[in-house]
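Reviewing the structure listed below.
The values are calculated or read from the model by the stated rules, or taken from the named source; none is laboratory data. What you see is a predicted model, and the numbers here were worked out from it, not measured in a lab. Using ideal geometry, Cβ is built from the backbone for each residue, glycine included, and neighbour counts are taken over all protein chains shown.
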4 protein chains.
Amino acid sequence: MSDARYRHPISPRYLEVDRQGVVFNMWYLAYFDDALAGWLAAGGLPYPQLLADGYDVSLVHTELDWTAGLAYGESAEIEVGVDQVGRTSFTLVFEVLRAGAEPEAAVRLCRGRTVYVVVADDGSGKREIPASLRAVLEAG
Amino acid sequence: MSDARYRHPISPRYLEVDRQGVVFNMWYLAYFDDALAGWLAAGGLPYPQLLADGYDVSLVHTELDWTAGLAYGESAEIEVGVDQVGRTSFTLVFEVLRAGAEPEAAVRLCRGRTVYVVVADDGSGKREIPASLRAVLEAG
Amino acid sequence: MSDARYRHPISPRYLEVDRQGVVFNMWYLAYFDDALAGWLAAGGLPYPQLLADGYDVSLVHTELDWTAGLAYGESAEIEVGVDQVGRTSFTLVFEVLRAGAEPEAAVRLCRGRTVYVVVADDGSGKREIPASLRAVLEAG
Amino acid sequence: MSDARYRHPISPRYLEVDRQGVVFNMWYLAYFDDALAGWLAAGGLPYPQLLADGYDVSLVHTELDWTAGLAYGESAEIEVGVDQVGRTSFTLVFEVLRAGAEPEAAVRLCRGRTVYVVVADDGSGKREIPASLRAVLEAG
């Protein structure tokens, strides 16, 4: 089951690594955004298509728990999972796993959980989750 | 009481505002980092001094709840509060308030809560909260 | 003369400093953007007003020469000067000076030169420099 | 000849696109840094290896000329070329090409030229270009 989940590859940019030698915290939200787009595309809905259809998403809640850092030169994968699907909102979970020699040796660096609300791309507010997006969420 | 809390001013950079016309979510973590440093400096402990003393902090948990967006040209303040203080970790809360015509008309845009662990600046791991930092946390 | 020039204060964010212990190169373009906005505001034209009037600017050329780095905890000032003013474009120069004990002890860290084109904020292309902006450029 | 050059793929992040609907200027310096690392890796010298060998690079000059913007959902390639190689410094050129239906229909969005100085990773200053890096520069 878990092995079937979409995994989004990440390689930190040099600039994302701070004085401490690990990726600065805020970039994880950039990675989650990248992972959302990659996951949707893998599910058949490239994000630019969602925008072209008149929809976008807004974050209303996110939480992150870090257990280890990611250094420059290391790579990781973000496993994307669906936690909840409502009428206008949905919740994804993100597990950031540093690649190990063996898949089972992967180390979890960070766990994220984000609640998104679907909004109109023209700024006019909340929208029901469109069928195209609901299909990916239900398959995920 | 609340009025006595430190408030860190923020003005979004043009580049922080995305296609939706509001600050992209990750920059709030940059703002909280700025607010942490501003709050410590106001309490008598500039962050560079903390580093010079051999300490830094690492995030182990953060959560953010957004209720409204911040556009380019708008300004806001981040009220910093102390939630918990332990032996090696402490928790701060951040209220992002968009300035209104009257102080009581301020609109809360985002609420953050972050758990920090004190670490050695040389990468050797966790440290007890030093007295200089504890003093600011207890006064806060 | 030079002393009368607008100087925009900058204090690097912790996240802008990389493994080398100095601000990563790209953030200088963020600083120049901040300095442009600060300089225009000081000249009587806040950037949000320029946008509200239907104008924005686009970079067509920029060049940067670095002679030293800026560490976390250090502060600097960016002196803004007008190099050229055309019909639809203008050129600014930016001198990034690290504060010294004495004004004459300031160290130049970076020199930038940027050519901007005025565009319509609705994406419809180039525009002549509006009078409000021209006034600031001519006074600068 | 030109066709044989390394091309680094880029897809803008949602957050890199500003109110104007195109990638904000500073992110091009992030892209060039990514392209440098990709080009070195393709030449047999992953950047983390260069760091492990005790070397890093510092920018002393960069210049960028933009002719068009890159929107979210569009992708581009950065062609990397070697302009000059000295004793401690080298110069690369970057051509950012938006993918077209046909290779010859690619549109040049930006041209960059950057002068790098090789430095010791421990902060002790300039170094001669090491043999591993010189080999990639001479092959490039």
Considering each of A:Val57, A:Val82 in turn, give the residue that is of a type in the set (A, V, I, L, M, F, W, C) and within 14 Å of chain D (Cβ to nearest Cβ).
A:Val57
All conditions in (1) within 22 Å of C:Tyr31 (Cα to Cα); (2) surrounded by 12 or more Cβ atoms within 10 Å (Cβ to Cβ); (3) of a type outside the set (Lys, Arg) are true of C:Ala120 except (1)
Go through (1) within 25 Å of B:Asp18 (Cβ to Cβ); (2) surrounded by fewer than 20 Cβ atoms within 10 Å (Cβ to Cβ); (3) not acidic (Asp, Glu) for D:Ala106 and report which single condition fails.
(1)
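To keep it simple, each residue is scored yes or no on (1) within 14 Å of another protein chain (Cβ to nearest Cβ); (2) in contact with a Cys (Cβ under 8 Å, 6 or more places away or on another chain); (3) under 18 Å from B:Asp65 (Cβ atoms).
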site	(1), (2), (3)
A:Thr88	no, no, yes
A:Gly100	no, no, no
A:Val119	yes, no, yes
A:Ala139	no, no, no
If I ask for residues that are charged (D, E, K, R) and at pLDDT below 95, which ones from segment C:89-107 would you list?
C:Arg98, C:Glu102, C:Glu104
Need pairs with beta-carbon distance below 9 Å; first residue over 15 Å from D:Ala42 (Cβ atoms) and modelled with pLDDT under 95 and within segment D:114-140, second exposed (fewer than 12 other Cβ atoms within 10 Å of the Cβ) and of a type in the set (A, V, I, L, M); sequence gap 6+ or separate chains.
D:Asp121/D:Ala52
Sole residue being crowded, with 22+ Cβ neighbours inside 10 Å, among the aliphatic types (A, V, I, L, M) and more than 13 Å from the chain's Cα centre (by Cα), chosen from B:Leu70, B:Leu29:
B:Leu70
Residue list for segment A:1-12, filter: touching a strand residue (DSSP E or B) at 6+ places or on another chain (Cβ under 9 Å) and either of a type outside the set (Gly, Ala, Ser) or without any contact (Cβ under 8 Å) to a residue 12 or more places away in the chain (or both)
A:Arg5, A:Tyr6, A:Arg7, A:His8, A:Pro9, A:Ile10, A:Pro12
Which of the residues that make up segment D:34-46 are over 17 Å from D:Asp83 (Cβ atoms) and surrounded by 15 or more Cβ atoms within 10 Å (Cβ to Cβ)?
D:Asp34, D:Ala37, D:Gly38, D:Ala41, D:Ala42, D:Leu45, D:Pro46
Selection count where residues are touching a helix residue (DSSP H, G or I) at 6+ places or on another chain (Cβ under 6 Å) and under 27 Å from D:Glu74 (Cβ atoms), scope segment A:16-29
4
If we keep just the residues of segment C:1-26 that are among the acidic types (Asp, Glu) and surrounded by 20 or more Cβ atoms within 10 Å (Cβ to Cβ), which is nearest to the other protein chains (Cβ to nearest Cβ)?
C:Asp18
Go through (1) away from chain A (no Cβ under 14 Å); (2) in contact with a strand residue (DSSP E or B) (Cβ under 9 Å, 6 or more places away or on another chain); (3) not small (Gly, Ala, Ser) and name the single condition D:Tyr72 misses.
(1)
Sort out which residues of segment A:27-47 are away from chain B (no Cβ under 11 Å) and hydrophobic (A, V, I, L, M, F, W, C), and write them in order of number.
A:Ala35, A:Leu36, A:Ala37, A:Trp39, A:Leu40, A:Ala41, A:Ala42, A:Leu45
Can you confirm whether segment C:47-67 contains a residue that is farther than 23 Å from D:Thr62 by Cα, small (Gly, Ala, Ser), in contact (Cβ under 8 Å) with a residue 24 or more places away in the chain and buried (at least 16 other Cβ atoms within 10 Å of the Cβ)?
no
